[in-house]
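Please see the structure below; I have some questions.
Every number in this text was worked out from the coordinates using simple rules, so none of it is lab data. Because the structure is a prediction, the values reported are computed rather than measured. Cβ placement follows ideal geometry from the backbone for every residue including glycine, while neighbour counts extend to all protein chains displayed.
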Amino acid sequence: MRTELLRFNGAVERHPAIDAWMKEHAGGLGEIAQQWFEVMRKCGDEVRELLHDGCPVACLGDAPFGYVNVFTSHVNVGFFHGAALPDPARLLQGTGRFMRHVQLRPGTATNAAALRKLIEAAYADIKARVETAKSEKLLRGQRASERPD
């Protein structure tokens with residue numbers, strides 16, 4: 001089985017476009033988005049970021065694991081492989097093949113511990129996926145070099 005990963009070009013350690021995005025989304029919703037994006041940023045030294053489809057995205061290298069986005073009355077904290085994440089608190093919403101999100105509203109209680117665990121799980125999940133993809137690539141390369149001419 002071959003592991004295909006979504007990859008984004010242009011991810012950097014700290015992207016100035018994200019800081020500008022946060023300033024444009026000041027206020028209650030923007031504060032919520034910034035709070036949770038900071039949690040993503042602190043997942044590990046390898047976290048990189050970029051602006052994709054108009055919202056901040058956190059990546060492990062070039063492989064995205066999470067994002068935030070502000071809407072009229074709520075914030076989404078989303079996960080690119082959310083369908084595969086353990087969610088005992090049942091925070092995740094969505095029915096897509098891969099992606100899921102948690103919807104946050106000002107003045108509504110948030111299970112912060114459970115959301116933090118989802119972010120940490122998403123980071124661990126993408127790390128495992130990237131390692132698996134690297135291993136598969138190495139195996140394919142070895143098999144190709146073992147073929148007789």
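So what's the angle, to the nearest 10 degrees on a 0 to 90 scale, between helix 112-146 and the longest Cα principal axis of the chain?
Compared with the principal axis, the helix lies near 20 degrees.
Here is a further query. When only DSSP loop residues count, what chymotrypsin sites (Phe, Trp or Tyr not before Pro) in the stretch 65-140 have their Cβ near at most 12 other Cβ atoms within 10 Å?
Numbers: sites: PHE65, TYR67, PHE71, PHE79, PHE80, PHE98, TYR123; in loops: PHE71, PHE80, PHE98.
In loop regions of the stretch 65-140 (DSSP not H, G, I, E or B), the sparsely surrounded chymotrypsin sites (Phe, Trp or Tyr not before Pro) are PHE71, PHE98.
Oh, and also: Starting from the Cα gyration tensor of the stretch 1-95, take the square roots of the eigenvalues, sort them a ≥ b ≥ c, and report rounded, prolate or oblate (rounded when a/c is under 1.5, otherwise prolate if a/b is larger than b/c, else oblate). Each step should come with its number before you reach the end.
Working: a/c = 1.86, a/b = 1.15, b/c = 1.61.
Since a/c reaches 1.5 but b/c is at least a/b, the shape of the stretch 1-95 is classed as oblate.
Cα axis of helix 28-41 to longest principal axis of the chain: angle in degrees, 0 to 90, nearest 10?
Between helix and principal axis, roughly 30 degrees.
For the stretch 34-141, which GluC sites (Glu not before Pro) are both in a DSSP coil and crowded by at most 14 other Cβ atoms within 10 Å? The partial results should precede the final answer.
Details: sites: GLU38, GLU46, GLU49, GLU120, GLU131, GLU136; in loops: GLU46.
Answer by residue number: GLU46.
Within a Cβ distance under 11 Å of ARG14, other residues only, what is the Lys/Arg minus Asp/Glu net charge? Write down the numbers at each step before the final one.
On the way: positive: ARG41, ARG48; negative: GLU13, ASP19, GLU49.
Combined, the nearby Lys, Arg, Asp and Glu give -1.
Please report how far the C-alpha centroid of the stretch 1-43 lies from that of the stretch 45-122, rounded to the nearest whole angstrom.
Using only Cα atoms, the two centres lie 10 Å from each other.
Hand me the tally of lysine pairs in the chain: alpha carbons under 17 angstrom apart, and the pair either on different chains or 8 or more positions apart.
Values: LYS42/LYS117; LYS42/LYS127; LYS117/LYS127; LYS127/LYS137.
Count of close lysine pairs: 4.
Could I have the simple spin-label model distance between ALA112 and GLU4, label points 7 Å from Cα toward Cβ, reported in nm to one decimal?
For ALA112 paired with GLU4, the spin-label model returns 4.0 nm.
Using 7 Å Cα-to-Cβ label points, what is the VAL12/GLU31 separation (nm, one decimal)?
3.0
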